[in-house]
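Peer 1: Provided herewith is a single structure, encoded as C-alpha cells, for subsequent inquiry.
Since every read-out is calculated from the coordinates, none of them should be taken as a lab result. Quick caveat, the model's predicted, so the values are computed rather than measured. All Cβ positions, even for glycine, are placed from backbone atoms using ideal geometry, and neighbour counts span all protein chains on display.
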Amino acid sequence: MPVDCPICSKPLVEGASACAVCGFPVALAPDAGHLSEEPDTTPTPPERGGRRGGPAARTVATTRDPQADLCYRIAGEVRGQLALVRELGADTSEGNSDMRQAALTQADGRVSEALSLLRGTLARAQSRTRDLCARRIEELEHRQLQLTQDGVGADYAPAFLTIRERFETNDRTGAIELLRTTEAEVVRVESDWRGLKGLLAQIDQLRTAIKAAGKAIPEVESDVSQVRSMLGKPPVGVATLDSAAQTAARALMLLHEALPPLIEAELADHAKLLGSYPTDHPPSRRARSLHGETARHLRRGRLTEATVSLRELREVLKTIPPVPVAAPAPPPEAPTPPSAEGEEPRAPLPAPAPPAPAPATLERLLLRARELAARVRSLPNDSEVAFEAAAEIRRATELLRARKLDEAERTLTRLMMTLSSEPLAEG
C-alpha cells in the first residue's frame, strides 16, 4: 500500500479505508500513484546482443498532467474553505462528499470532470462562507440593537465594517477571526448587563418602598443617576459595566441599611390595627397572614420580598371594613339629694368618673405567652417558622422577667401575627 495519498500527499493511516484529509479511497491509491510520480529520466540499458554503435537507446519519461496539478491546488483551496465553514458552525458533510467524488473521478482517469467538480465545490464553499458570515453579522447587529433599547450604549459598527472589508479583500481568515472576537465581546457584555439589570431592578423596588414611607436617600439617587449616565455613553464595554455594577451595589447596600427600620415601624402600626379586630374576624385573616409573611421576610433579610408583601398588606388593609362599635350607654343620672321642707332644691351630685383603663398586667401577658407557646408546639415538624417562633417566645419571656411589659406585649403581638398564617400539625 502506498505511504502517501496520491491526491493530497498526506500520510495514509494503516488499516483505514479512505484518506483522513480528502477522503480518497485507499484501495484506489495504487492505480492513481502514477499521477504524483516525477518524470523518470533514467536511460534504458541496451538489450543484450545489441550491436556496438547501433542506434542510441531511447529515454522513457513520464510527464505530470497540468490538470492534475490544478486539481491538487483547487482541492487545497476547497479544504481551506470547508475549514472556515466549520469554524462558522455549519455542516460540511456535503462538501466532503463532493471532494470524495472528485477524487474517485480523478482516479478513474477523468481529470477534466474531477476539475469541474472541484471548481463547483469551491464556489459553493466560498458562497456559503460569505452567507454564514453575513448572517452572523446580522445577528450581532440585532443583539446590539437590543442592548441599545435597554439603555446600554453598545457600538460594534466599526468591527462589522472591518469584517466586511476583509471579506471584500479576500482575507476571509482574518474576517472570521475578528468576527469570533466580536461575538465573544458581545456575549460578555450581555452577561454583565443581565447581572447589572437585576441589581437595578432591586434598587428600583426598594426605592419605591422608601418613597412610600416618606423618606429619600440622596446618595442612592446620585448613584443611580451615575449608573444611567455611564450606560448611556457609547461605546460601553466590560470595564464600564464592571464600574457601573460596583456603583449599583453601593446604592443597594445603602437601601438595605435604611429600609428595615422603616418596615419595622410600619409593621408595628399595622399590628396595633390588626389587634383591634377580633381573633375570629374573617376579613382580617388575609391581612394577618401577610403581616406574618412580611415579618418573616424581614427577619431573614429578604428586603425585596418583604416590600412586595408589605405593599400587598397595605392594599388588603384598605378593603377591611371597620368593626362596628356599640354606642356607649348613657351614664346613670345622678340622684338628687333630698331637700328640707321649704328649702331650695339642691343640685344633683356629679356623675362618677369612668374607671381608668386597665394596664397590661403581668398575669395577662403570661397567659398570652403560654397560649402562644402551645401554638408553637402544635406547628408541623417541618415548619420553617417553628424555630423562629420559639426564639420569639424566649425573647418575650426575658422581657417579662425584666418587667418590660410594653416591649413584651409588642413581641407577643408580632408573634401572634406570624403564627396566624401557619397551619396546625395534623394528629
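Peer 1: From the mean inverse distance of alpha carbon pairs (Kirkwood) and the Cα radius of gyration, derive Rg over Rh for the stretch 362-422. Display every interim value, and only then the final one.
Peer 2: Working: Rg = 11.0 Å, Rh = 11.4 Å.
We get a ratio of 0.96 for the stretch 362-422.
Peer 1: Also: What is the spin-label model distance, in nm, from residue 201 to residue 398 if the labels are put 7 Å beyond Cα along the C-beta direction?
Peer 2: About 3.9 nm, to one decimal.
Peer 1: Right, another one. Under a 5 Å amide H to amide H cut-off, with H placed in plane at 1.01 Å, what residues pair with residue 4 once short-range neighbours are removed?
Peer 2: So residue 4 has HN proximity to 12.
Peer 1: What percent do you get for the relative contact order of the stretch 207-330 when only Cα pairs under 8 Å and 6+ apart count?
Peer 2: Numbers: 72 pairs, mean separation 24.7, N = 124.
Relative contact order here is 20 percent.
Peer 1: Could you calculate the contour length gain from residue 407 to residue 146, that is, 0.36 nm times the residue separation minus the distance between their Cα atoms, to one decimal place in nm? It would help to have the intermediate numbers written out before the result.
Peer 2: Numbers: separation 261, 0.36 × 261 = 93.96 nm, distance 5.40 nm.
Full extension of this stretch gives 88.6 nm more.
Peer 1: If I take R0 = 51 Å and measure r between the Cβ atoms of residue 246 and residue 134 in this structure, what FRET efficiency does the formula 1/(1 + (r/R0)^6) give, to the nearest 0.05? Write down the numbers at each step before the final one.
Peer 2: On the way: r = 38 Å, r/R0 = 0.75.
That gives a FRET efficiency of 0.85.
Peer 1: Same structure, new question: With contacts defined as alpha carbon pairs under 8 Å and 6 or more residues apart, what's the relative contact order of the stretch 61-124 in percent?
Peer 2: Numbers: 43 pairs, mean separation 26.8, N = 64.
Relative CO of the stretch 61-124 lands at 42 percent.
Peer 1: R0 = 22 Å: FRET efficiency of residue 110 with residue 77, Cβ-based, nearest 0.05? Spell out each step's value before the answer.
Peer 2: Working: r = 20 Å, r/R0 = 0.93.
Calculated value: 0.60.
Peer 1: Okay, moving on. If amide hydrogens are placed 1.01 Å from N in the peptide plane, which non-local residues have theirs closer than 5 Å to the one on residue 18?
Peer 2: 26
Peer 1: So what are the ³J(HN,Hα) numbers for the stretch 208-220, from phi and the Karplus equation (6.51, -1.76, 1.60; θ = phi - 60°), rounded to whole Hz, Gly and Pro as x?
Peer 2: 4, 5, 5, 5, 5, 7, x, 10, 8, 10, x, 4, 5
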